[in-house]
1. Working only within the range 245-271, note down all residues that are in contact with a Ser or Thr (Cβ under 6 Å, 6 or more places away or on another chain) and under 23 Å from Y41 (Cα atoms).
2. Report the residue count in the range 300-342 for those that are surrounded by fewer than 19 Cβ atoms within 10 Å (Cβ to Cβ) and of a type in the set (S, T, N, Q).
3. Only one of L331, L321, L393 is over 21 Å from K292 (Cα atoms) and at pLDDT 95 or above; which?
4. So for the range 84-94 (the condition being closer than 29 Å to M193 by Cα and assigned to a helix (DSSP H, G or I)), does at least one residue qualify?
5. Pull out all pairs, ordered by first then second residue, where Cβ-Cβ is under 9 Å, the residues are six or more apart or on different chains, the first lies in the range 401-430 and is loosely packed, with under 14 Cβ neighbours inside 10 Å, and the second is among the β-branched types (V, I, T).
6. Within the range 108-127, how many residues turn out to be in a loop (DSSP other than H, G, I, E, B) and either among the aromatic types (F, W, Y) or crowded, with 17+ Cβ neighbours inside 10 Å (or both)?
7. When K116 is evaluated against the numbered criteria (1) in contact with a strand residue (DSSP E or B) (Cβ under 9 Å, 6 or more places away or on another chain); (2) at positive phi, which criterion, by number, is the only one it fails?
8. Are any residues in the range 43-83 touching a Pro at 6+ places or on another chain (Cβ under 6 Å) and not in a helix (DSSP H, G or I), and if so, which ones?
Amino acid sequence: MILRIFCISVFLTSFLHAASDRPNVVLIMADDLGMEALGCYGGTSYQTPHLDRLAAEGVRFDDAHAVPLCTPTRVALMTGKYNFRNWLAFGILDPEAKTFGHWFSDAGYKTCISGKWQLRSYNPPDYMPEWRNRGMRAEDSGFDEYFLWHTEHTEDKSSRYPDPRIQSNGTYVKDTKGKYGPDLYVDYINDFMKRNSEEPFFVYYPMALTHGPFNPTPDSDDWLNGNRFESNPDKYFGDMVEYMDKLIGRIDAKLGELGIRENTILIFYGDNGTPREVTSKMRDGRVILGGKGLNNRRGTHVPLIVNWPGSQAGGRVVSDLVDTTDFVPTLLEAASIPLPQNEIFDGRSFLPQVKGKKGNPRDWVFIHHDPLPGHNKIGRSLSRWIQDKQYQLFDETGHHHFFDFTTDPELLHPIDLRNASDEIKAAHAKLKRAMATMDND
């Protein structure tokens, strides 16, 4: 009996030690923020000291990409699958899908999502009403706790910034008058981390910032002047970027205050390019017009910063390609959670690169951009392409269009392969073979 008790005690001690060694994970995704908005990527229009420091101390990926609009990116990010596998409609997440919330919860992590949901019932009553009440409910997404804007019908969402309408674990928050939504989302995250600091946790923060409307922040002069709902990108987008950075600093500081920063992997990513109303300046003299929704690098090239003091080889820039489907295998590997065997995953882990190893970098990224069906998406259409470090191959209605985006960044002049060099023809053939694998899937 004594031996049995001793063995059980040793087992429990080992289990608890293993559990405590599992890192906390905080995944932050900005809404409508291209890489040109951050100082660490060469941007000069806005001050982003917290993200710049996290990049300098951690690992900055300089060739990360997303789908050009938010829902396609969010669906791929949460499920680890290209959108052709589980796409239903814009603003909709398949209610039968499994998300990283489910997998982290099943592995014993405490889980929380706070910020923007917008994955259910996107269409207003008079537009394709058959898609109302069709998406995933926040309470079914695998997270123990949620604190979210836009969880139900789109006409009921109200403001995401001043006086927000927020649902917290099934109940609408009543005391948001005069408050700023992004402050509340971070307040909830910091309280969740405090309450669960003794156990491994996974926090997913899909930010409301920096998506329009371009309202004042609490740091804007007009916040106190009664103009909180004025929308003006020229006046307020910079304030929104800087407030976003300030909020990330608050989360980072809370992790330090709780004594758990060392073993917390903090990731910052963007869901698509900057709004097209916005122009940003770069240190090298370039002026970049926001490319949200566009099928070029202005629409897909987003920041990716990873900071994990306990396990990173920090102070580095990694030039490997990364796409949205890579996050699920990366996060699960970091948490020592095996990839579920009954699921198809399209990404590959970039965790080795975070740790300073070569890893298994991609030769190309694939983007399946389908904004349809969806309200206000008239005129858009399905686009699919593969790109490497220089070339972009589109597959549109059976026709392939091939571009060199290093010389033609706006993709205005398809390459005439009849007169192309052998090197260009070989690059085209490589991407065409890769596209064929997607067609077969």
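The values are calculated or read from the model by the stated rules, or taken from the named source; none is laboratory data. All values derive from a computational prediction rather than experimental measurement. Neighbour counts run over all protein chains shown; Cβ positions are idealised from the backbone, glycine included.
1. D245, D271
2. 5
3. L331
4. no
5. The qualifying pairs are H401/I415; H413/T407; L417/I424.
6. The qualifying residues number 9.
7. With respect to (1) in contact with a strand residue (DSSP E or B) (Cβ under 9 Å, 6 or more places away or on another chain); (2) at positive phi, K116 is out only on (2).
8. Within the range 43-83, L69 is the sole residue that qualifies.
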